[in-house]
């Protein structure tokens, strides 16, 4: 018997990294998973996995989000993962960088929650998970101005939803990782002028001696998606190897 037997879970950014690891972990624990991503080709690698159904979705498009919600009879867990990491201070963040980051990292969660929450309220039962970060209101991090701002907003959004709907059977939590070894991180390292030094810079801040894996974050996601965490809401769940200590 799985820890998520019978639960219907929708998540974004499932094609790789934390989203993919979470989709696989959810399905392994018995959930019916609707795994979405804008990268349809990469997402299709999950096709054929027991318990997972894939669907192309641009979470910044309101019509696509609402169409997905309308097509599902019920959703037990909504996991908002999609996001973008901009590198730079406020002086290196143009208006287009700011707008793109806030649109993808925050507004997409607003759209997803607005679309799926009514179905949860109708059943007086629902669980929303949002991907935040230690780089937020938790910790100031160099060269992460707009990213940290967006993730601080995610924490605020999480607490607001949790407070507003706690008496209607809705829980809302956010996950705050430190440095996670994912394909997107590797791509960002390779894009640096000196990738070798870039990797060393990331490793220096790993007080536990290594980066977090996507699977370790997924394990936390399973707990938060399950009834084991039924008394947990409105909280930031830090998984950073002690970086924020």
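Nothing in this text is a laboratory measurement; each read-out follows from the coordinates by a stated rule. Treat the numbers as computed from the prediction; the structure is a model and nothing was measured. Because the Cβ atoms are built from the backbone with ideal geometry, glycine has one as well, and the counts that use them run over all protein chains shown.
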- prompt: Using alpha-carbon pairs under 8 Å, 6+ residues apart, how would you state the relative contact order of the chain in percent?
  reply: 20
query: Using a Gaussian network model of the chain with C-alpha springs under 10 Å, which one of 199, 100, 165 is most mobile by mean-square fluctuation?
result: 199
message: Angle check, please: helix 17-28 long axis (alpha carbons) against the longest principal axis of the chain (alpha carbons), in degrees 0 to 90, nearest 10.
response: 30
field: Principal-axis tilt of helix 145-165 within the chain, Cα atoms, nearest 10 degrees
entry: 20
Cβ-based exposure ranking for 221, 93, 145, in which fewest neighbours within 10 Å come first: 93, 145, 221
task: List the relative contact order of the range 92-173 as a percent without decimals, with contacts defined as Cα pairs under 8 Å and 6+ residues apart.
output: 35
field: Inter-centroid distance (Cα atoms) of the range 89-105 relative to the range 135-176, Å
entry: 18
- prompt: Among 72, 129, 157, what is the fewest-to-most ranking by other Cβ atoms within 10 Å?
  reply: 72, 157, 129
- prompt: So how do 147, 110, 223, 231 line up by other beta-carbon neighbours within 10 Å, fewest first?
  reply: 231, 223, 110, 147
message: Springs between alpha-carbon pairs under 10 angstrom, Gaussian network model over the chain: which of 113, 38, 90 fluctuates most?
response: 90
statement: In whole percent, the Cα-Cα distances of the chain spread across 5 Å bins from 0 upward as 1, 7, 14, 18, 21, 17, 12, 6, 3, 1, 0
statement: Ranked by GNM mean-square fluctuation in the chain (Cα springs under 10 Å), the top entry among 143, 80, 127 is 143
